[in-house]
Amino acid sequence: MNVNETRLQKLKKLKKLKKLKKHLPALTITLGILALWNLVCTFGHVNAYVLPPPQKVWKTFLKMASSGELLSGIGISLLRVFRGFSIAFALAFGLACVRLFWPKSEACYGFLVRFFRNVPPLSMIPLLILWCGIGETTKTVIIVLASFFPMYLSIVKGFTGCDRQLLEVARSFAYSRFRTFFRVVLPSAVPDILVGMRTSLGYSWRSIIGAEMVAASTGLGHLILFAQQMSRTDKVIIGIFAIGLIGCLCDLALGLLIRRLAGDVSKNGWD
Amino acid sequence: MNGIEIRGLKKSYPSEDGRLSVLDGLDLDLEEGAVTVVLGKSGCGKTTLLRLIGGLEEADGGNIRFCGCTESERDAFSAGRHLEKGSPPAFKTAYVFQEPRLMPWLNVRDNIAFGLKRKERRKDDISAVIRAVGLSGFEKAYPSQLSGGMQQRVALGRALAYKPSFIMMDEPFAALDYFTRESMQRELLRIRAETGASILFVTHSLDEALILADKIVLLSGGRAAAEYPVSLPHPRNPLEDSLAGLRHSILNALGEAVSSRISGAAPKADALNISSKRPVYGLLYARERIYTRERI
């Protein structure tokens with residue numbers, strides 16, 4: 001092994017250490033919580049029904065993972081979120097386009113948007129069950145209601161906040177309204193649209209779990225509620241962990257997409 | 001005429017005291033293939049004139065005729081609406097703003113091709129423009145990665161790639177350093193000679209006007225207060241003897257306005273009159289004197 005290879009290996013090790021250092025605080029806190037949890041269960045005389053020990057939760061997790069119970073719950077909830085989120089995005093984008101091209105039309109629907117923005121979607125569940133039953137439609141509508149508004153507001157902000165100087169450049173080149181939208185307004189609104197999508201995705205997850213706990217026989221929300229009814233606190237904890245982790249992963253994926261499409265905001269000054 | 005004919009152009013903006021008139025019946029002829037430089041102090045209406053010609057604002061009155069057609073007909077030409085599919089627009093205008101105004105999400109190549117439709121984009125043509133504005137090797141760079149001078153060159157390239165018959169330039173080199181400004185002026189003259197495009201150029205600098213102009217127009221009181229044709233060949237040194245007479249006559253025209261400012265007296269009514277050819281031009285005079293001293 002020559003000197004260069006040794007140096008290269010040292011550098012690689014340093015890089016790995018740096019990466020580890022970056023995640024060290026989060027790792028320490030997580031391990032600390034786990035240790036505390038274990039201590040409380042071992043010496044705290046806490047009933048295993050109220051707080052099952054981590055070892056038991058881990059065993060249950062392995063069982064649920066191997067039987068497919070957990071994966072099917074995650075899959076169904078993900079599918080619902082994807083469906084509702086897509087519909088909400090299409091509606092928000094369409095209405096924001098209407099707002100951009102016909103600003104006066106806002107007088108017709110502005111009040112309704114403000115009204116429903118302040119109504120929690122879960123409060124609509126009784127009515128939605130009456131109107132749509134306990135099938136998939138109710139859950140989809142709840143996700144749409146939860147994720148539409150943050151996305152709509154962000155897209156409108158992106159569209160209407162487009163730099164007037166750039167619009168004048170398009171005009172000086174005799175751009176049509178259609179061409180201006182696709183070549184100037186839309187690209188300049190991408191960061192706002194993606195931030196709105198990221199916020200809405202979190203809202204979708206919160207609402208779907210709520211909806212599944214009230215009106216569903218499948219999904220992660222139902223898994224948690226059913227476990228509670230069966231006095232299986234360990235399964236409840238696994239359900240909560242699954243929701244948190246899936247939410248984090250979705251957020252991470254969208255974050256990567258934002259970085260890919262919008263670039264590093266601080267670097268290219270596109271803020 | 002085969003240029004741009006402006007008659008009785010009026011524009012005012014709302015102000016605290018009612019309306020502030022910026023252009024008040026401006027008459028001006030911009031000859032085809034010529035560089036017309038508009039000089040004037042801040043707020044005299046130079047940018048407004050350019051914005052009206054460029055169709056970025058509506059005039060309150062008057063008429064602008066492009067190559068014998070009206071402004072609305074020009075817009076139709078530019079958009080290619082009157083032509084059969086595939087035919088090139090007959091009359092195209094491009095605007096180079098004071099700021100580069102580049103699209104931050106597009107790289108240099110795409111910014112330069114911004115004015116072109118997809119079918120009009122030819123790789124070789126765009127590469128030629130990039131070479132002409134001295135940005136070879138920076139094709140993939142984003143605006144935030146370029147200096148102010150380079151960004152302004154991209155803006156100039158964007159206008160040139162559009163192959164316009166008429167280019168409006170609103171103090172495009174104002175923010176550039178001395179050396180970049182000089183090289184950009186040379187580049188502009190070279191491109192004009194190659195393409196034969198008409199140029200309307202707004203500046204504060206008398207030296208810049210003397211270097212570039214085929215005609216210098218002094219704008220004051222909302223009108224073209226004086227016009228000075230410059231027939232010397234390019235390249236020009238603004239301090240050369242043959243331009244001294246012209247420099248003096250422009251500075252003399254400004255001098256009276258300066259002295260009226262210093263004495264605190266209001267400018268005489270005839271100083272703003274087109275027929276008297278005596279414009280109010282204090283700021284420019286002061287600036288140019290300092291600039292000339294530095295250069296000497």
Query raised in the report: On the given criteria, is residue A:190 under 21 Å from residue B:102 (Cβ atoms), modelled with pLDDT under 90, among the hydrophobic types (A, V, I, L, M, F, W, C) and more than 17 Å from the chain's Cα centre (by Cα)?
Result: yes
Requested in this report: Being aromatic (Phe, Trp, Tyr), under 15 Å from residue B:134 (Cβ atoms) and touching a residue at least 24 places away in the same chain (Cβ under 8 Å) is the filter here, so list the residues in the range B:172-203 that pass it.
Outcome: B:173
**Report entry** Residue check for residue B:149: over 18 Å from the mean Cα position of the chain (by Cα), over 19 Å from residue B:196 (Cα atoms), away from chain A (no Cβ under 11 Å) and buried (at least 16 other Cβ atoms within 10 Å of the Cβ)
**Finding:** no
Query - Among (1) within 14 Å of another protein chain (Cβ to nearest Cβ); (2) in a helix (DSSP H, G or I); (3) surrounded by fewer than 18 Cβ atoms within 10 Å (Cβ to Cβ); (4) modelled with pLDDT under 90 - the single one residue A:251 does not satisfy - result: (1)
Query raised in the report: From B:218, B:210, which residue is free of Cβ contacts under 8 Å to residues at least 40 places away in the same chain and under 15 Å from the mean Cα position of the chain (by Cα)?
Result: B:210
Report task. Please state which of the following conditions residue B:118 fails to meet, knowing it meets all the rest: (1) farther than 26 Å from residue B:39 by Cα; (2) within 14 Å of another protein chain (Cβ to nearest Cβ); (3) touching a helix residue (DSSP H, G or I) at 6+ places or on another chain (Cβ under 9 Å). Result -> (3)
Query raised in the report: Can residue B:107 be described as loosely packed, with under 15 Cβ neighbours inside 10 Å, of a type outside the set (Lys, Arg) and at pLDDT 85 or above?
Result: no
Requested in this report: From the list A:216, A:211, A:189, pick out the single residue that is aliphatic (A, V, I, L, M), in the same structural domain as residue A:99 (by TED's automatic domain parsing) and within 30 Å of residue B:164 (Cα to Cα).
Outcome: A:189
Report task. Specify the residue that is farthest from the chain's Cα centre (by Cα); the eligible residues are those in the range A:90-116 that are of a type in the set (D, E, K, R) and more than 19 Å from residue A:190 (Cβ to Cβ). Result -> A:104
Report task. Only residues that are at the interface with another protein chain (Cβ under 10 Å from one of its Cβ atoms), part of a helix (DSSP H, G or I) and of a type in the set (S, T, N, Q): list them for the range A:159-189, please. Result -> A:165, A:172, A:188
Report task. Could you list all residues from the range B:176-195 that are under 15 Å from the mean Cα position of the chain (by Cα) and either of a type in the set (S, T, N, Q) or under 21 Å from residue B:51 (Cβ atoms) (or both)? Result -> B:185, B:188
**Report entry** Matching entry among B:132, B:161, B:128, B:155 (being within 14 Å of chain A (Cβ to nearest Cβ) and either out of contact with any strand residue (DSSP E or B) (no Cβ under 6 Å at 6 or more places or on another chain) or at pLDDT below 90 (or both))
**Finding:** B:161
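Here's the yes/no breakdown for (1) over 14 Å from the mean Cα position of the chain (by Cα); (2) within 28 Å of residue B:185 (Cα to Cα); (3) touching a residue at least 40 places away in the same chain (Cβ under 8 Å):
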residue: B:5; (1), (2), (3): yes, yes, yes
residue: B:11; (1), (2), (3): yes, no, yes
residue: B:25; (1), (2), (3): yes, no, yes
residue: B:52; (1), (2), (3): no, yes, yes
**Report entry** The listed residue being out of contact with any helix residue (DSSP H, G or I) (no Cβ under 9 Å at 6 or more places or on another chain), in contact (Cβ under 8 Å) with a residue 24 or more places away in the chain and polar (S, T, N, Q), out of A:200, A:188, A:231, A:204
**Finding:** A:231
**Report entry** Exclusive hit being hydrophobic (A, V, I, L, M, F, W, C) and outside the structural domain of residue A:181 (by TED's automatic domain parsing), set A:71, A:14
**Finding:** A:14
Requested in this report: Give the number of residues within the range B:212-226 that are part of a loop (DSSP other than H, G, I, E, B) and hydrophobic (A, V, I, L, M, F, W, C).
Outcome: 1
Query - Output for the range B:131-146, where each listed residue is farther than 14 Å from residue B:102 by Cβ and crowded, with 18+ Cβ neighbours inside 10 Å - result: B:132
Report summary line: The residue that is nearest to residue B:113 (Cα to Cα), considering only those in the range B:135-145 that are touching a residue at least 24 places away in the same chain (Cβ under 8 Å) and more than 11 Å from every other protein chain (Cβ to nearest Cβ), is B:139
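The values are calculated or read from the model by the stated rules, or taken from the named source; none is laboratory data. Here the structure is a predicted model, which is why all the values come from computation and not from measurement. Neighbour counts are summed over all protein chains in view; Cβ atoms, including those assigned to glycine, are modelled from backbone coordinates with ideal geometry.
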